[in-house]
Amino acid sequence: MTKKLAINQWAEEDRPREKMLLHGASVLSNAELLAILIGSGSAESSAVELMRKVLEDCNNRLGELGKRTVDELCRYKGIGPAKAITILAASELGRRRKDEEPSERKQIRCSKDIYAFFHPLMCDLAVEECWVLLLNQASKVIEPVKISQGGWASTQVDIRCILREALLKRATSLVLTHNHPSGNVRPSADDDRLTQALFQSAKVMNIRLLDHVVVSDGTYYSYADEGRL
């Protein structure tokens, strides 16, 4: 059997750290970037080879990797709790970077903008969460607010909490969003009832409910797009 070379025995230009120093992070593959994080592999495989295997099992999608648990990652020989936590911490930092509020308030023009705003927050959630996006007169974001967190199939929402947040932040319009961890974005009868109740209640306060968007990883359902608001 041919003995595998450790990373420090590779040609310098093939070593992830040296490669990054010489050419910048953009030229590195996802496996190479992850190999830098974990530092070492196992006796059978280098850090790069190990991370290639992990990524292959995640369909080469970083989003899938971020959904793995510490225990699931530790099943790979060469990955212990410390390395697993490092990988998941990096995934969380990536999500938070996308979520950082830009210096200019984002304007919400359509359901696609709503999905783009909430997808980083919701794509990896294992339970349902309900959020409200508070907007000013120009439909620019004032603040996203998490209203409730529930189980795998549902979450309880208090309309009074939503309207209280809108009034406190002086929002003139709002968007309701929640996720379906199952991947099926078709709204339930409870979703329909909540949408209509919030629409009518907000109208009394002279606040517009612009949309209710059901989010999953890769797709969404918009009440406004479907002509149901």
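None of the figures in this text is laboratory data; all of them are computed from the coordinates on show. Being a predicted model, the structure only gives us computed values, none of them experimental. Here the Cβ is made from the backbone with ideal geometry for all residues, glycine too, and neighbour counts use every protein chain on show.
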Once phi for every residue in the range 35-51 is put through the Karplus expression 6.51 cos²θ - 1.76 cosθ + 1.60 (θ = phi - 60°), the whole-Hz ³J(HN,Hα) values, with Gly and Pro written as x, are 4, 4, 5, 7, x, 8, x, 10, 5, 8, 8, 6, 4, 5, 4, 4, 6
Under the helix-only model (-39500 (n - 2.57) for each DSSP H run of 4 or more, divided by the residues of the chain), the mean residue ellipticity at 222 nm, to 500 deg cm²/dmol, is -12000 deg cm²/dmol
Once ALA82 and LEU37 are pulled to full extension, the length gained, defined as 0.36 nm per residue separation minus their Cα-Cα distance, is 15.1 nm
With a 20 Å threshold on alpha-carbon distance, the violating pairs from LYS19/LYS98; LYS112/LYS140; LYS19/LYS77; LYS19/LYS67; LYS67/LYS112; LYS83/LYS146 are LYS19/LYS98; LYS19/LYS77; LYS19/LYS67; LYS67/LYS112; LYS83/LYS146
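Share of antiparallel DSSP beta bridges in the range 111-222, in percent to the nearest 5?
70 percent
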Given a Förster distance of 25 Å, the FRET efficiency implied by the Cβ-Cβ spacing of GLU44 and LEU21, rounded to the nearest 0.05, works out to 0.35
Taking every C-alpha to C-alpha distance in the chain and binning by 5 Å from 0, the per-bin percentages run 1, 6, 12, 15, 14, 12, 9, 8, 8, 6, 4, 2, 1, 0, 0, 0
Whole-Hz Karplus couplings 3J(HN,Hα) for the range 21-31, θ = phi - 60° and coefficients 6.51, -1.76, 1.60, Gly and Pro as x, run 5, 6, 10, x, 5, 5, 7, 7, 6, 4, 5
In nanometres, the difference between 0.36 nm per residue of separation and the alpha-carbon distance of GLN107 and LYS53 is 15.4 nm
Quick calc, LEU168 & LEU93: beta-carbon distance into FRET formula, R0 30 Å, rounding 0.05, result 0.50
With x for Gly and Pro, the residue-by-residue ³J(HN,Hα) of the range 70-83, computed from phi through the Karplus equation 6.51 cos²θ - 1.76 cosθ + 1.60 at θ = phi - 60° and given in whole Hz, is 4, 4, 5, 5, 6, 6, 7, 5, x, 10, x, x, 5, 5
Partner aspartates and glutamates whose C-alpha sits under 16 Å from that of LYS106, ignoring same-chain residues fewer than 8 away, are GLU143
For 128-135, 54-61, 214-221, 161-168, ranked highest to lowest by mean beta-carbon neighbours within 10 Å, the order is 128-135, 214-221, 161-168, 54-61
Counting only DSSP beta bridges with both partners in the chain, the antiparallel fraction in percent, to the nearest 5, comes to 70 percent
For LEU229, other-chain or 5+-apart residues with amide H closer than 5 Å (H placed, Pro excluded) are none
